[in-house]
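Before any comments, here is the structure.
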Amino acid sequence: MENWSLFSLCVLLGLTSRWAVSFHSYSGAGKPPMFGDYEAQRHWQEVTYNLPVHEWYFNTTNNDLNYWGLDYPPLTAYHSLVCAYVAKLLNPEWVELHASRGYESHSHKLFMRATVLFTDILIYIPAVLLYCFYFCDGSSKQKVATALCILLYPGLILIDYGHFQYNSVSLGLALWGILGLGLGWDLFGSLAFTLALNYKQMELYHSLPFFCYLLGKCIKQGLIGRGFFQLAKISLTVLVTFALCWMPFLSDPKQPLQVLHRLFPFGRGLFEDKVANTWCSLNVLIKIKTLLSRETQLFLSFALTLLFILPSSLKLLSKPNLWQFKLALVNSSLAFFLFSFQVHEKSILLAALPVCLVINEIPLIAIWFLLTSTFSMLPLLVKDGLLLPYVVTSLAFLFLSLYLLSALERSTEEELRLGLYRKLTRHWLPKLNLSRIIKWKFWFSLVAMAALSFTSVWLEPPAKFPDLFPVLVSILSFLHFLGFIIYFNLVQLMEPQRKKSQKKTN
Amino acid sequence: TVMAAPMTNDQSWFYALALGVSFLKCLLINAYHSTDFEVHRNWLALTHSLPVSQWYYEATSEWTLDYPPLFAWFEYGLSHIACFFDKEMLVVPNLNYASPATVLFQRLSVIVADVVFFYAVKEYYNGFLFGVLLLSIARHCQNRHFEGAFLFSVLLNLKHIYLYIAPAYGIYLLRCFCFTQSNADGSLQWRSFSVVRLVILGTIVLSTFAVSFGPFIALGQLPQVLSRLFPFKRGLCHAYWAPNIWALYNIADKAFSILGVKFRLLDINKLPKASMTGGLVQEFQHSVLPSVSPLATLVCTLLSILPALFKIWHRPNGARGFLRCLVICALGSFMFGWHVHEKAIMMAILPLSLLAVDSRKDAGIFLMLSVTSHYSLFPLLFTTQELPIKIFLMLLFTIFSLASLKTLFRKGGALLNPLEVTYLLGLIPLELICEFVYPLTVWQKTFPFLPLMLTSVYCALGVTYAFIRLYISLLTCSDTTKKTKMQ
């Protein structure tokens, strides 16, 4: 089949599954007084449309910050403003100041879902297609298969089109950044990533790899001379972009401070709710939240995060190529997810994006990670009434990706990059078939996740531990993520010279 | 290199596709469910709660039982499983009952029935009944004629719409099966008539009918059953006009009446008041052209399929000829039938899809017909929520069939000529006007059914064109074994 038809079929399948998921419920549906993320987004449209810019992030009589106050950077606010203009055209009641609180209707839901679809088509999907087209090895069938698997990643679909968020914007912009860097368009890549950063501050998880990659490249080009000029140009691009995004807030020094205060609420604790990271899991055994002081918690979290991201970033600095860059992105975002302050379960999507990008090179492990990441959000999805789409999209993703990328066939020791593991076990257990062990672990873990999903929905938790199932889900996911971060770090750090040359190595 | 090889394996692609479609259906469980949902819920309820003697007399709901008895038995069987989902749906007075469990059960039963469909497609290379039809065709092509005949009788007793294609079956079986041999040039050899085969076939068919209709004949209810099955009280056209000849006929009649009034040839007071663009299922008269009665449509239908039947009697072309005749019978009945529903076009498209993979001409006709008829189904899904889904699915299907057929018939030029391409591309502005532009104009209030009329007339042109081309290809095709596909 011709290229264009394969790619269009792939996009259409992605779009159809997205819209089909959007039929289902959203976060906080029919749950006054606070509702959920959906209401938050609607509220931001109301605030940005009706209030002047200098009031958006401040607590005023018209703007109650306790009711879903803006806590994303300015670009989100501008996006909400544009949506609000469209909403006003269609039905002014949707963005009426104060009066539209908790507004829910069928047509409003359609409008909100349509805004997500629109930005997805505009930003995320083209980025995925271009990435697969330029940076995927193999025939065009292989590229289309990769694109389809990335587009069908359940986690992003369920959060954006179910729970309701605009992750496709920030992740899409970050992906454009990666694309730019991969194609050698450093300025464009920096611009795109800075925009992503100004859309959601969580993109900071990706910032260190971007920094190290660009710095490494400039150093290679010689710090005196071309490299220096390049560095200057990149810095200038970043600063100008920041200035443009924050321009309305630069008139008064109080403004940026307040915005930063909203973006980084250190007043809140080490973690909230159940999330599959170290602190929440550790809390089950030792109550660190209450045991240690706020400062110690901050210090511990900072130290551990740094510990896990330094090796990967330094390796990237010394060897700035696309493969190292992608792995560094995975390692950095996973490290932040596991050890950072105030992490939400949705932040796993920031790690899922770079893993999607390596799905063609290490299919089995990538698919395993992506399914685990979706599973880790199960309590959230069940709370939103998204159980059916969760099951269907996860199963569909599992079967389609295993089949299309022949993940189970491409799982020899060399392909799974188990070099170090082999070296470690060579002396004590030379006959060990590591590849088979990995496959068994894969299936076993899937069964465990399925069983836990089933029980957490059908069984009642015992009265003494009402939170039993979300805690079990978090702990199981945490253990998986720990294993993955070790694996990806080893793969990145122990990387020998790549035999295949990349299409565009810089 | 360790790049993926299984893509070339057709078997596994098929399973991947089947799985993908089933997953999509699962996701769409929550989507808008049409009146068909309530129809089936009602039938589940009445077969479950009422004794057999009441089935064809029950009229609490407007959706009375109008399928043959075997389908009623099928619903009866299903109702026993439905008990476990939600007992309330089986209470007849619970009109429009639609609890989440009910919806889930209905959708799941559809998906499970699809398994039959996939099995049938697999055997040869929309639902459960088409599966049985395909299976029957497959058996014929495999020369397992008794099974084919049996399956078709079953089918006929499940849904009497398949009466449309019964003549093709009848003539083909008579000609190719009961006459065991043909002469060298393909003509009939009267001496080879086999009474045994005729008797066996007849027994199979009659016994199936007996099992299905038996209880009702014993109760003396046959006239009532038949009156429910063939309700000629309903009008010439269904609520949304099926894109057949009568749609064009209606439009011509409307045009003439408007022109006639304008040029003072007709008196506006003498014209019948009921407007056919009212969109409801009623009986009315045409104003200028002669009115059409059920008998007239029957005669037209028979006339339209007679040449095809004669052709396969005279020179049957084996399985291919049978399929072609099948398609023409289905299309002819669609084109000229009384109160035809758009969904009936599927009966013609499925066998045509089997032909399309073998001959490039048929591939072109298939593309024309399938795209047109899929588009003509759009008015059935009219909520805004479904709009992206129907556009995406339509594009998916069109691109998929176009690309696969193009790959199959790579050599030998384009599959569609420029006129056909223009016609198909014209569907895009038509959709934009009907779905996006028209609702924003003033005429939306005064003539709300104009977009539907436009859609059905435009599609009727395409369907008529396909019908004529198919007929020409049937009447001019010369020999059995010549394959037009180039390897």
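Treating each Cα of chain A as an identical point scatterer and ignoring solvent, apply the Debye formula and state log10 I(q)/I(0) at q = 0.07, 0.12, 0.13 Å⁻¹. Values, matching the q order: -0.38, -1.21, -1.45.
When the inverse distances between all different Cα atoms of the range A:53-128 are averaged and flipped, the Kirkwood radius reads 14.0 angstrom. Listing A:TYR403, B:TYR162 from fewest to most neighbouring C-beta atoms within 10 Å gives A:TYR403, B:TYR162. Taking amide H atoms as placed 1.01 Å from N in the peptide plane, the amide H of A:PHE271 lies under 5 Å from those of A:GLN342, each 5 or more residues away in sequence or on another chain. Placing a label point 7 Å from the Cα of B:ILE468 along the Cα-to-Cβ direction, the residues of the range B:411-436 whose backbone N falls under 13 Å from that point are B:420.
Residues whose amide H lies under 5 Å from that of B:VAL340, counting only those 5 or more places away or on a different chain, are B:HIS238; hydrogens are built 1.01 Å from N in the peptide plane.
Run the dipole for the range A:37-141 about the Cα centre, Lys and Arg Cβ at +1, Asp and Glu Cβ at -1, nothing else charged, and hand back the magnitude in debye, nearest 20.
340
For the protein assembly as shown, rounded, prolate or oblate, judged on the Cα gyration tensor with a ≥ b ≥ c (square roots of eigenvalues), a/c < 1.5 rounded, else prolate if a/b > b/c? In terms of gyration-tensor shape, prolate. Assign one of three labels to the range B:406-479, namely rounded, prolate or oblate, based on the Cα gyration tensor with a ≥ b ≥ c the square roots of its eigenvalues; rounded applies when a/c is under 1.5, prolate when it is not and a/b is larger than b/c, and oblate otherwise. Since a/c reaches 1.5 but b/c is at least a/b, the shape of the range B:406-479 is classed as oblate.
Scanning residues 5 or more positions from B:PHE179 or on other chains, those with amide H under 5 Å from its amide H are B:SER194, with H placed 1.01 Å from N in the peptide plane. Ranking B:LEU354, B:THR384, B:CYS325 by Cα position along the charge dipole of the range B:313-400, where only Lys, Arg, Asp and Glu carry charges on their C-beta atoms, puts B:CYS325 farthest toward the positive end. Phi angles across the range A:129-137 convert, under the Karplus curve 6.51 cos²θ - 1.76 cosθ + 1.60 with θ = phi - 60°, into 3J(HN,Hα) values of 4, 5, 4, 5, 5, 8, 10, 9, 6 Hz, Gly and Pro given as x. Among the residues of A:11-21, the average count of other protein chain beta-carbon atoms within 10 Å of the residue beta-carbon is 6. With the charge dipole of the range A:1-97 set up from +1 on Lys and Arg Cβ and -1 on Asp and Glu Cβ about the Cα centre, the Cα lying farthest toward the positive end among the listed residues A:SER22, A:ASN3, A:TYR78 is that of A:ASN3. Dipole of the protein assembly as shown computed with +1 at Lys/Arg Cβ and -1 at Asp/Glu Cβ about the Cα centre; of A:SER435, B:SER373, B:PRO429, farthest Cα towards the positive end is A:SER435. Dipole size of chain A about its Cα centre, with +1 on Lys/Arg Cβ and -1 on Asp/Glu Cβ: approximately 1820 debye, rounded to the nearest 20. How large is the helix-only mean residue ellipticity at 222 nm for chain A, computed as the sum of -39500 (n - 2.57) over DSSP H runs with n ≥ 4, divided by its residue count, in deg cm²/dmol to the nearest 500? Taking each H run of at least 4 residues, the total per residue is -21500 deg cm²/dmol. Once you have a ≥ b ≥ c as the square roots of the Cα gyration tensor eigenvalues for the range A:8-165, tell me rounded if a/c is under 1.5, and otherwise prolate or oblate according to whether a/b is larger than b/c. It is prolate, given that a/c is not under 1.5 and a/b is the larger ratio.
Across chain A, the mean sequence separation of Cα contacts (distance under 8 Å, 6 or more residues apart), normalised by length, yields a relative contact order of 17 percent. Seen from A:ASN3, the other residues with C-beta closer than 13 Å to its C-beta sum to a net charge of +2, counting Lys and Arg as +1 and Asp and Glu as -1. What's the long-distance tail for the range B:340-487, i.e. % of Cα pairs beyond 20 Å? Percent of Cα pairs beyond 20 Å in the range B:340-487: 52. Structure note, pairs A:LYS88/B:LYS445; A:LYS141/A:LYS200; A:LYS31/A:LYS441; A:LYS200/A:LYS383; B:LYS390/B:LYS445: Cα-Cα distances above 31 angstrom occur for A:LYS141/A:LYS200; A:LYS31/A:LYS441.
FRET efficiency for the A:ASP273 to B:VAL110 pair, using the beta carbon distance and R₀ = 22 Å, is estimated at 0.05. Sorting B:LEU133, B:LEU440, A:LEU314 from the fewest to the most surrounding beta carbons within 10 angstrom yields B:LEU440, A:LEU314, B:LEU133.
When a footprinting reagent is the concern and you count Cβ atoms within 10 Å, what order do B:CYS178, B:CYS325 take, fewest first?
Lowest count first: B:CYS178, B:CYS325.
Magnitude of the charge dipole for the protein assembly as shown, about its Cα centre and with charges confined to Cβ atoms of Lys, Arg (+1) and Asp, Glu (-1), is about 2720 debye.
The HN-Hα couplings worked out from phi for the range A:358-365 by the Karplus form 6.51 cos²θ - 1.76 cosθ + 1.60 (θ = phi - 60°) are 9, 5, 7, 8, 10, x, 4, 5 Hz, whole numbers, x standing for Gly and Pro. Here the 3J(HN,Hα) profile of the range A:342-349, calculated from phi with Karplus coefficients 6.51, -1.76 and 1.60 at θ = phi - 60°, is 6, 8, 9, 5, 5, 5, 4, 4 Hz, Gly and Pro shown as x. Taking label positions 7 Å along the Cα-Cβ direction at both A:MET494 and A:LEU239, the computed distance is 4.4 nm, reported to one decimal.
Read-outs: derived from the displayed coordinates by stated rules, not from any lab. Being a predicted model, the structure only gives us computed values, none of them experimental. Cβ sites come from the backbone with ideal geometry, for glycine too, and all protein chains shown count toward neighbours.
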